[in-house]
Amino acid sequence: MRRKGLASMAVQTVATSSDTTVDLGPAAALSCRECGHRVPLGPVFACEECFGPLEIAYEFSAYDTEELRRRIEAGPANIWRYAPLLPVPADVAGKPNLNPGWTKLVQADNLARELGVTGGLYVKDDSGNPTHSFKDRVVAQALEAARAFGFTTLSCSSTGNLAGAVGAAAARAGFRSCVFIPHDLEQGKVVMAAVYGGELVGIEGNYDDVNRFCSELIGDPAGEGWGFVNVNLRPYYAEGSKTLAYEICEQLGWRLPDQIVVPIASGSQLTKIDKGLQELVKLGLVEDRPYKIFGAQAEGCSPVSTAYKAGHDVVRPQKPDTIAKSLAIGNPADGPYVLDIARRTGGAVEDVTDEQIVDAIKLLARTEGIFAETAGGVTVGVTRKLIESGLLDPALTTVVLNTGDGLKTLDAVAGTGLTATIRPTLDSFREAGLA
Ligand SMILES: [Zn+2]
């Protein structure tokens, strides 16, 4: 391979529809996932030819593997160490943002013993991010895109984690934030989103009504200059999930995991993890070997696992009813892509009941000291179920994702409490059988 410095790494300057130019590192264009139609980088998310989803197309043609590896390893302990692989400006690390990522990859030997895993079991614990969920990764990407496109207000529709992540990121970066949520959300989620000082608007209606309202606002003069992280900035936002794949491989010593268990809400995270793993192979940063990606859902919202088990290519929407609210998307946009990836890599999609989710939260907490939110209970519970059914090989290296902090979903384990109540005397302590 011809050696080339990183300075020449296909940094492109592309004109947007508003005639301004943006420099987003190796991002070359937006490409339709369905028909391949390409458009210049801009705040658009749907293909003008077929209405398919747009995603970032990169130009990685000129690079030197070892130089890139050295540059990443010398980078900051956050997602910006991977800036050469992300749609962000080269100087992104010097800008005010929450700098999420580089969360712990916990070697979970105690959990491995409980589950009978002998090939190495790891928990990628994303509760360590600034607002305690993986959403900080995707919002950080959207924020940089918003900056590049000249937006001054950051917005989203949310039912919880995302609202907090957007509020916090906007506060740090000096953006106005205006976030829309259903008006009757739990008090805890409202406080977590409101504390950062941005505007928080309750919409009289459910999450679908909130989404519909945001779509109307984007097309209205009232929404001009607004970057909706999960709508008009979605192609950039979604790329943040690739950093999970990069970190897992680097933390394993630049090695692909054999198996990885990922929660499914919209399915975007799983598809981007696959994209990230493939990029590392293409760039020569990891050895090309087979890996399997498994998707995890709650039984009360399992449109993708239902389709997987039925052998279908299309995902039939469901009405969610589960304690895993951060995964409760009944009509997941990336569901069909998840089915493709699970089948292509030899993985599977499985679901667990609410009771199994709670059991798994407690199992992870008592074996590894990690208090996961319900989505983490879903991945751990599904891992156990996949081992029991023989679909996941316990002799292979396995990584399980925990995407959020258990403090966000305390209700799920509300029955957990005191072992005993005693008088402040040793006699009482002994009587309680605790000596
Ligand atoms: Zn298209």
Residue hits (the stretch 308-317; free of Cβ contacts under 8 Å to residues at least 40 places away in the same chain and either in a strand (DSSP E or B) or under 16 Å from ASP340 (Cα atoms) (or both)) are ALA310, GLY311, HIS312, ASP313, VAL314, VAL315, ARG316
In the stretch 395-435, how many are out of contact with any His (no Cβ under 9 Å at 6 or more places or on another chain), touching a residue at least 60 places away in the same chain (Cβ under 8 Å) and either closer than 19 Å to GLY376 by Cα or surrounded by 13 or more Cβ atoms within 10 Å (Cβ to Cβ) (or both)? 13
Residue that is modelled with the lowest pLDDT [pool: residues in the stretch 1-60 that are of a type in the set (Ser, Thr, Tyr) and part of a strand (DSSP E or B)]: THR13
Can you tell me which residue in the stretch 36-71 is farthest from the ligand (Cβ to nearest atom), limited to those that are of a type in the set (A, V, I, L, M) and closer than 28 Å to LEU285 by Cα? LEU68
Single unsatisfied condition, ALA74 versus (1) away from the ligand (no atom under 16 Å from the Cβ); (2) surrounded by 15 or more Cβ atoms within 10 Å (Cβ to Cβ): (2)
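So is ASP125 at pLDDT below 95 and of a type in the set (Asp, Glu) or not?
On the way: at pLDDT below 95: no; of a type in the set (Asp, Glu): yes.
Against the criterion (at pLDDT below 95 and of a type in the set (Asp, Glu)), ASP125 does not qualify.
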Take the residues of the stretch 318-331 that are in contact (Cβ under 8 Å) with a residue 24 or more places away in the chain and more than 20 Å from ASP405 (Cα to Cα): which is surrounded by the most Cβ atoms within 10 Å (Cβ to Cβ)? GLY330
Residues in the stretch 167-176: is at least one among the basic types (Lys, Arg), surrounded by fewer than 20 Cβ atoms within 10 Å (Cβ to Cβ) and touching a strand residue (DSSP E or B) at 6+ places or on another chain (Cβ under 6 Å)? yes
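With modelled with pLDDT of 95 or more, in contact with a strand residue (DSSP E or B) (Cβ under 6 Å, 6 or more places away or on another chain) and surrounded by fewer than 24 Cβ atoms within 10 Å (Cβ to Cβ) as the only criterion, which of GLU247, GLU199 stands out?
Answer to the check: GLU199.
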If you check ILE323, ILE341, ILE357, which single one turns out to be of a type in the set (Val, Ile, Thr), in contact with a strand residue (DSSP E or B) (Cβ under 8 Å, 6 or more places away or on another chain), within 16 Å of ALA296 (Cβ to Cβ) and at pLDDT below 95? ILE323
Regarding the stretch 224-236, can at least one residue be identified that is touching an Asp or Glu at 6+ places or on another chain (Cβ under 9 Å), outside any helix (DSSP H, G or I) and within 26 Å of ARG81 (Cα to Cα)? no
Limited to the stretch 212-240, what total is found for residues that are crowded, with 19+ Cβ neighbours inside 10 Å and acidic (Asp, Glu)? 1
Considering residues that are in a loop (DSSP other than H, G, I, E, B) and touching a residue at least 40 places away in the same chain (Cβ under 8 Å), the number found within the stretch 256-304 is 14
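The values are calculated or read from the model by the stated rules, or taken from the named source; none is laboratory data. Keep in mind the model is a prediction, meaning the values are calculated, not measured. All Cβ positions, glycine included, derive from the backbone under ideal geometry; neighbour counts span all protein chains shown.
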